[in-house]
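The values are calculated or read from the model by the stated rules, or taken from the named source; none is laboratory data. What you see is a predicted model; the values in this text were computed from it and never measured. Neighbour counts run over all protein chains shown; Cβ positions are idealised from the backbone, glycine included.
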Amino acid sequence: MSLRSILAGCGGYLPERVVTNDELSKTIDTSDEWIRERTGIRQRHFAGKHETAAFMGTAAARAALADAGATAADVDAIILATSTPDQAFPATALRVQAELGVTRGFGFDLSAACAGFIYALSVADGMIRAGQVRGALVIGSEVYSRILNWQDRGTCVLFGDGAGAVFLRASDCRDDDRRGVLSTHIHAQGTLGDILYVDGAVGQPDKPGHLVMNGREVFRHAVTRLAEAVEEALAANGMTHADVDWLVPHQANSRIINAMGRKLGLPPERVVVTVDRHANTSAASVPLALAEARADGRIGAGDLVLLEALGGGLTWGSALVRL
């Protein structure tokens, strides 16, 4: 018998305001056709003043706990992935802890850009396997609309806001029981940090803090690195492409998503796509897509799900989960 992380519940939150490509084209030199053709995006959600990373993360966490049939008393740890925290400190995870009424355990934020949720899932899974915690909330919550350069049409049309969360529960699984988080695989290459970054931080008050991206280079590395991470996850579990029931990819660009689906030999109906409606919500995109596909019944008990994401840093990773 050994401990394994069971993905017991999923939840998501999207801001109230929906912004279409046509609406953006009224203030930015762009068009619905230009955005759709290059990215597949037709709309995104932008946060209102009250919809902070903590507010949205709390809402997604509540939904994940409800889906799992769990309460605040079951939470030992909160690991929140974000590049847009409410404050430098305390951690956004602790604001969520307070809002949920969790009175024990610990929480912290994790910064790995768009790969943040995969990183956070890997950390939480490791803690559960080590016996440190029995129940963990893993959250991705982002407010990218507040760090976009509205003069750069190549980046400001790509992103949206939102939050997604999962609740992991420790289970004393038999060796032949293949449920739960089977493995996670995370990587980084700091020498590529300048192809996708934010040009400011709390420690640099004279810089505006806008997202900067070399889209061509990001695309080139994304397909290669994500393919490697996918193969790594399958090899680690003695599986092949044919074993995968669902791909839940990072929702950055429809071209990258389609390329990954083809590499796995999965038909489009087995690839969860939300980029058309959510745009790129960074660390929130994978859990948001997973929560949607679970809620509408597409992904069910026993399905083998492959998660993958790549973000600034560069950071990237994959996870293989049996629900």
In segment 85-134, residues that are surrounded by fewer than 19 Cβ atoms within 10 Å (Cβ to Cβ) and part of a strand (DSSP E or B) total 2
Just one of Leu182, Leu168 is in contact with a Lys or Arg (Cβ under 7 Å, 6 or more places away or on another chain) and aliphatic (A, V, I, L, M); which is it?
-> Leu182
Pairs only if they're at least six apart or on different chains, beta carbon under 6 angstrom, first in segment 44-65 and touching a residue at least 24 places away in the same chain (Cβ under 8 Å), second among the basic types (Lys, Arg); list them, first residue then second.
-> Phe46/Arg17; Ala54/Arg95
Quick one: which residue in Gly162, Gly154 is out of contact with any Phe, Trp or Tyr (no Cβ under 6 Å at 6 or more places or on another chain), in contact (Cβ under 8 Å) with a residue 12 or more places away in the chain and at positive phi?
-> Gly162
Residue within segment 155-169 that is closer than 28 Å to Ile35 by Cβ, assigned to a helix (DSSP H, G or I) and under 23 Å from the mean Cα position of the chain (by Cα) present = yes
Leading residue by the ranking (surrounded by the fewest Cβ atoms within 10 Å (Cβ to Cβ)) among those in segment 159-197 that are modelled with pLDDT under 95 and of a type in the set (D, E, K, R) | Asp176
